[in-house]
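The block underneath contains the structure these notes are about, expressed in structure tokens.
The values are calculated or read from the model by the stated rules, or taken from the named source; none is laboratory data. Keep in mind the model is a prediction, meaning the values are calculated, not measured. For neighbour counting, all protein chains shown are included, and Cβ atoms are generated from backbone atoms with ideal geometry for every residue, glycine included. When the accessible area is computed, the model is the full protein with side chains, heavy atoms only, and any ligands, DNA or RNA have been set aside. Shrake-Rupley method; radii C 1.70, N 1.55, O 1.52, S 1.80 Å.
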Amino acid sequence: MQGSSATRKERSQSFLDRSERKFHELIESLPMVAVQGYNRNREVIYWNEASRRLYGYTREEAQGKLLEDLIIPDSMRDGVIKAHTDWLERNVGIPSEELELKHKEGHLVPVYSSHVMIKQDTGECEMYCVDISLEEQKKARAELHRNAFFDDLTELPNRRFMEAELTVRLAEASRLKREVAVVFIDMDNFKLINDTLGHHQGDKLLKAVSDVLKKEIRGADLLSRFGGDEFVLLLFDFDGPEGIHELLRRLIDALDRGFTIDGDYFQVTASFGVSLFPDNGTTSAELMGNADAAMYQAKETGKNSVCFYTPDINDRLTHYQDITTLLRRAIASDTLQLYFQPQIDLVNGGMDSCEALLRCFNEHGQAVSPADFIPVAEKSGLIHRIGNWVIEAACRQLKAWQGTALGHMRIDINLSGRQLNNPRLADEILETLQRHGLTTSQLGLELTENEVFGSDNGQIRQLERLKRSGVHISIDDFGTGYSSLVYLRKLPVCSIKIDRSFLHHAMSNDSDMAIMKAMITVGHTLGLTVVVEGVETEEQDILVKNLGCDLAQGFLYATPRPAAQMPAFLAELNA
């Protein structure tokens, strides 16, 4: 019996030995799973090859060493010893969890760690730690975080990060009674660079700009790319508005040095809008919106400058948005209207032509002043759609007048300088005239003096083509800009319209009278028709006739009126 009992023990021990060997063979065959075995004193008794790759220690280096001396960071040392003791003495297991353990070279290794206790009933208990590296997962998480909160091109925080950070900083500033400045930065005319050189070069320039801004800001400040060519800067610990202005002046000066990209030099400027917490808002949305509004004000006042938010800026922004909405609705519903003001031949008293004046009405049927909606149309980009509508509406009206007493009439429409940027402008105007069965002599174009004199060669060529085709081209508000008479001689224009201010002042001011006479003489010398605007009294009528003006326009002769009233006006004029 005793022999039989001994045999059973031997077989049992042999089975355990085989099981342990198979266990070790199994864990050695798992190249991505690091397994370490420790005795009850936490000394290493097993260390597989994956543990060497994960923690840097060879099996020989690790053998017999204490767990806490090998891979446990100092901050975890006491906790690990207590957890192991509790497991041995009180059977309290160690939960599986994500940890950062120590590599041989000192850096931390992210792992998911599980623990198994065996031979617990023998008094020779062993603890096995099974660690799986989370390095790739950590990198993936970091990449997801970077993609979510940072801009790929500039490596700056993005809009999402900035808005979240601003909310946190505002709560802190409120608690500590401190100020925060939100600065909206927008590159001036950056779209032109992108359109001219392409987005690849534009991206390189944006990266260079962001590098300069990062270099110039203080360590405590936070810069982000908000999108496109817009940046947002958060400023802390500044000495009032004067201190902010000095900081931003440094950024302006840094950008002013220019940039060389692939051998090409670029001069870059930016507009800065500033809002202050708590004076200009207490929430992230309020401060960002007000800084944005201030930035647009900086652009309006000349660009390359700093503008601090004030309540009237917000009023102007609200007005701008209201007018923009009104224009969009009017375009969509085709409720814009053209009014017509006759241009009178001062020799025979007949109607030579008429100027088409755009009118827009609000929901109450009240007319909105062109002085209000034309600048908004320019800034919002709606001027292109409105300009196309005006060309089409004028041609429709000319077609409707065919076969009537107004059939010979020429309609002059006002052309925006921005419309001249359209390289197909001449084609589109001529195609519209042809589609309506009109001659080119039935349409005239009026451009302000500054728009014409600021035209580039491509724009001038378009005007030359239109004039050669028979379209009448006139310089409006002549005398109010910075005319070069030599340049005027080279421009493809048919007439000049002397601004009303000269006529009004000439009645009582000899200098203005002399200037007006000179303009009329120059116009006639160059073979141009001279039109004078703003004739309102009999005395002014007599004056412009005596000065030799060809045509006149003003309330004395006729106010602007809808197309339906034009036949009656012409009949009365010819009676």
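The figures follow:
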quantity: Accessible area per residue in Å² at 1.4 Å probe, computed on the chain; calculated: 51
quantity: Set 102/204; 467/517; 215/299; 467/545; 177/204; 207/303 screened for pairs whose C-alpha atoms are more than 32 Å apart; calculated: 102/204; 177/204
quantity: Relative packing of 403-411, 506-514, which averages over residues the other C-beta atoms within 10 Å, highest first; calculated: 403-411, 506-514
quantity: Cβ-based net charge around residue 235, under 10 Å, with every Lys or Arg adding one and every Asp or Glu removing one; calculated: -2
quantity: Reported label for calculated percent of Cα pairs over 38 Å apart given (i) 32; (ii) 58; (iii) 45; calculated: (ii)
quantity: Relative contact order computed over the chain (Cα-Cα under 8 Å; 6+ residues apart), in percent; calculated: 7
quantity: For region 127-262: rounded, prolate or oblate by the Cα gyration tensor [a/c cutoff 1.5]; calculated: oblate
quantity: Angle in degrees between helix 370-380 and the longest Cα principal axis of the chain, rounded to the nearest 10; calculated: 40
quantity: Zero-based 5 Å bins, Cα pair distances in region 344-501, whole percents; calculated: 1, 8, 17, 21, 20, 17, 11, 4, 1, 0
quantity: Per-residue SASA entry for residue 200, accessible area with 1.4 Å probe, Å² rounded to 10; calculated: 130
quantity: Cα-centred dipole magnitude for the chain, charges only on beta-carbon of K, R (+1) and D, E (-1), debye, nearest 20; calculated: 1500
quantity: Net charge, residue 387 excluded, C-beta distance under 11 Å - Lys, Arg +1, Asp, Glu -1; calculated: -1
quantity: Total formal charge among the other residues, if their Cβ is under 12 angstrom from that of residue 546, Lys/Arg +1 and Asp/Glu -1; calculated: 0
quantity: Most to least accessible of 99, 192 (protein chains only, probe 1.4 Å); calculated: 192, 99
quantity: Pairwise centroid distance, computed over Cα atoms, of region 200-246 with region 489-560, Å; calculated: 52
quantity: Fraction of accessible area attributable to carbon and sulfur, the chain (%, probe 1.4 Å); calculated: 51
quantity: Sparsely packed chymotrypsin sites (Phe, Trp or Tyr not before Pro) within region 486-575, loop by DSSP, other Cβ within 10 Å at most 16; calculated: 555
quantity: Viscosity 1.002 mPa s, 20 °C: Kirkwood-radius Stokes-Einstein D of region 233-382 over Cα pairs, µm²/s; calculated: 112
quantity: Exposure rank, largest accessible area first [54, 233; 1.4 Å]; calculated: 54, 233
quantity: Cα-based helix-to-principal-axis angle, 425-435 vs the chain, degrees rounded to 10; calculated: 60
quantity: Residue 301 accessible area, assembled protein chains, probe 1.4 Å, Å²; calculated: 90
quantity: C-alpha long axis of helix 2-28 to longest principal axis of the chain, angle in °; calculated: 20
quantity: Full-stretch length increase - residue 304, residue 125 - with 0.36 nm per residue and alpha-carbon distance subtracted; calculated: 56.9 nm
quantity: Aspartates and glutamates whose Cα lies under 13 Å from that of residue 119, excluding same-chain neighbours fewer than 8 positions away; calculated: 17, 20
